[in-house]
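First the structure, in the form of structure tokens, and then the observations on it.
Coordinate-derived values only; no laboratory data. What you see is a predicted model, and the numbers here were worked out from it, not measured in a lab. Glycine gets a Cβ as well: all are built from the backbone with ideal geometry, and neighbour counts include every protein chain shown.
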Amino acid sequence: MDKLQIVGGKRLQGEIAISGAKNAALPILCAGLLTAQDVKLTNVPHLHDVKTMLKLLAQTGLSVEQDGESVTLNGANINNLVAPYEMVKTMRASILVLGPLLARFGEAKVSLPGGCAIGSRPVDQHIKGLRQMGAEISIEGGYIHAKCARLKGARIHTDMITVTGTENLLMAAALAEGETVLENAAREPEVTDLAHLLVKMGAKIDGIGTDRLVIQGVNELKGASHGVISDRIEAGTFLCAVAATGGDIVLTRTRTDILDVALDKLREMGVELTLGENTIRARMDKRPRAVSFRTTEYPGFPTDMQAQFMAVDAIAEGASRVTETIFENRFMHVQELNRLGAAIEIDGNTAFIQGVDRLVGAPVMATDLRASASLVIAGMAAQGTTLIDRIYHLDRGYDQMEVKLSAVGADIVRIK
Ligand code: EPU
């Protein structure tokens with residue numbers, strides 16, 4: 001199992017190009033199932049989760065051609081409507097094939113995702129919405145088996161805001177008969193990016209970017225070309241890294257308009273930000289100031305950035321309080337940060353952080369994707385050497401993180 005070895009205390013300086021967003025690429029790849037024509041995608045990040053998704057899609061009969069960051073999909077010969085347990089258990093986003101397969105072929109059998117390190121993460125809202133659209137759904141042998149001659153438009157109000165739930169229902173509604181209204185829809189930029197691709201494919205969607213999506217179903221969707229939106233969480237992670245280590249970095253191929261809250265919090269920490277059209281320059285020359293926040297759905301503070309900001313808070317001046325409202329168990333990084341010398345206590349869904357003068361490197365264990373990123377940041381800010389085990393979590397969602405960070409001066413190597 002690969003590990004990352006980090007020698008802390010290095011200032012960061014230089015340019016980092018941001019990759020396409022994992023959480024946009026995954027649903028967008030599934031949209032390839034909705035048409036018999038070519039869907040041509042660019043800016044698809046090199047990630048383990050993308051590989052897993054392409055493997056899952058290929059076994060349905062979807063043709064996949066990959067050339068660097070470009071992927072061309074063709075769904076003319078889909079012949080298998082099953083997403084097997086072996087694949088779904090490694091990546092929950094596999095559930096995103098359910099809506100498209102059911103809508104286009106009238107049937108889908110998708111393994112029910114199991115438990116997850118950050119919370120129980122049920123998919124009941126995906127199922128509820130599809131049932132409201134007329135699907136007959138049974139759960140048998142660990143599989144969601146959905147059937148319907150043609151989905152019918154419906155008014156769906158999900159109990160909570162769900163990102164992949166909105167995406168699944170949006171893709172299903174695009175090919176349903178009549179009008180679907182998705183109330184309480186997720187507004188994350190990744191949902192919006194998927195909606196933009198669907199419109200290029202011929203879908204009729206109103207309210208894109210709002211919490212009320214109105215979809216007029218069409219009989220068929222056509223091929224389209226699309227560039228995946230830049231990864232705001234990857235960008236935010238590197239900005240946290242410079243907040244923790246100090247330095248002067250420029251992020252390129254990024255988007256400044258989808259990072260609002262995170263940028264405000266970084267400024268509050270003392271990071272000097274200069275925003276260009278697709279660039280962000282971040283300068284930091286002092287100890288960060290502690291910031292408190294509460295995670296919420298977009299446009300609030302993203303749960304996917306909670307762990308990375310907490311790593312900065314760990315060495316910041318002052319005390320802070322971080323409340324996680326999206327997932328019930330997303331504090332697995334806290335014990336590991338404390339092994340590096342952080343002073344963090346948890347009470348329910350709130351973490352109380354007393355900033356310490358210094359962290360000291362130690363062996364630590366990555367437990368999930370964003371927790372791994374927070375340990376990388378903490379390791380880069382710590383004195384001495386940090387060894388991070390189980391970094392396969394990191395490879396699921398960051399495109400060559402250690403390569404990008406060493407290029408700007410971090411002392412970080414992968415140990416095979
Ligand atoms: N929920 C339900 N029932 C459902 C769906 C969701 O109870 O049917 C609950 C979840 O358990 C959770 C909350 O609703 O407590 C929100 O979950 P959501 O469905 O929005 O999460 P997701 O779609 O499974 C996506 C991202 C996550 C990100 C969350 C929240 C993808 C592939 N994944 O997950 O990304 O944290 O939205 O923004 O888009 C990550 O990248 O590290 C990651 C975990």
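Among 134, 207, 323, flag the residue with its Cα farthest along the positive direction of the charge dipole of the chain, charges on Cβ as +1 for Lys/Arg and -1 for Asp/Glu.
In the chain, that residue is 134.
Compute the helix-to-body angle for 260-269: its Cα long axis versus the longest principal axis of the chain, expressed 0 to 90° and rounded to tens.
10 degrees
What does DSSP give for region 22-164 in terms of the percent of beta bridges that are antiparallel, rounded to the nearest 5? Numbers along the way, then the final one.
Working: 20 of 22 bridges.
Around 90 percent antiparallel, to the nearest 5.
How long are the semi-axes of the equivalent ellipsoid of region 171-245, taking √(5λ) for every eigenvalue λ of the Cα gyration tensor, in whole Å from largest down?
Semi-axes (√(5λ), whole Å): 31, 15, 7.
Using helices alone, I'd like the mean residue ellipticity at 222 nm for the chain: each DSSP H run of four-plus residues gives -39500 (n - 2.57), total over residue count, nearest 500. Don't skip to the end; give the middle numbers.
Details: 14 runs with 132 residues, N = 416.
Value at 222 nm, helices only: -9000 deg cm²/dmol.
Could you list, in their original order, any pairs among 109/222; 40/222; 51/128; 109/204; 51/200 whose Cα atoms are separated by more than 19 Å?
109/222; 51/128; 109/204; 51/200
Among DSSP beta bridges lying fully in the chain, give the percent that are antiparallel, nearest 5.
70 percent
Per the Kirkwood formula on distinct C-alpha pairs, the Rh of the chain is how many angstrom?
Hydrodynamic radius (Kirkwood, Cα pairs) of the chain is 21.7 Å.
Just the number: Rg to Rh for region 326-416, Cα atoms, Kirkwood Rh, two decimals. Numbers along the way, then the final one.
Numbers: Rg = 13.2 Å, Rh = 13.7 Å.
When Rh is taken as the Kirkwood radius, the ratio is 0.97.
Can you give the Rg/Rh ratio of region 233-379, where Rg is from the C-alpha atoms and Rh is the Kirkwood radius?
Rounded to two decimals, Rg/Rh equals 0.94.
Could you please rank 96, 112, placing first whichever residue has the fewest other Cβ atoms within 10 Å of its Cβ?
By the 10 Å Cβ count, ascending: 112, 96.
Out of 168, 157, 59, whose Cα points farthest toward the positive end of the dipole of region 55-198 (charges: +1 Lys, Arg; -1 Asp, Glu; placed on Cβ)?
In region 55-198, that residue is 157.
Note down the relative contact order for the chain as a percent, whole number, built from C-alpha pairs under 8 angstrom at least six residues apart.
Relative CO of the chain lands at 21 percent.
Once you sort the root eigenvalues of the Cα gyration tensor of region 99-189 as a ≥ b ≥ c, which label holds: rounded (a/c under 1.5), prolate (a/b larger than b/c) or oblate (the other case)?
oblate
Residue separation times 0.36 nm, minus the C-alpha to C-alpha distance between residue 294 and residue 179: what's the value?
Here the segment from residue 294 to residue 179 would lengthen by 37.8 nm.
Would you work out if region 155-280 is rounded, prolate or oblate? Take a ≥ b ≥ c from the square roots of the eigenvalues of the alpha-carbon gyration tensor; rounded if a/c is under 1.5, else prolate when a/b is larger than b/c, oblate otherwise.
Prolate, because a/c is 1.5 or more and a/b exceeds b/c.
For region 195-259, what relative contact order do you get, as a whole percent, if you take Cα pairs closer than 8 Å and at least 6 residues apart? It would help to have the intermediate numbers written out before the result.
Values: 47 pairs, mean separation 16.6, N = 65.
Computed value for region 195-259: 26 percent relative contact order.
What dipole magnitude, in Debye to the nearest 20, does region 104-178 give about its Cα centre under +1 on Lys/Arg Cβ and -1 on Asp/Glu Cβ? Walk me through the numbers on the way to the answer.
Values: 9 positive and 7 negative charges, 30 e Å.
It comes to approximately 140 debye.
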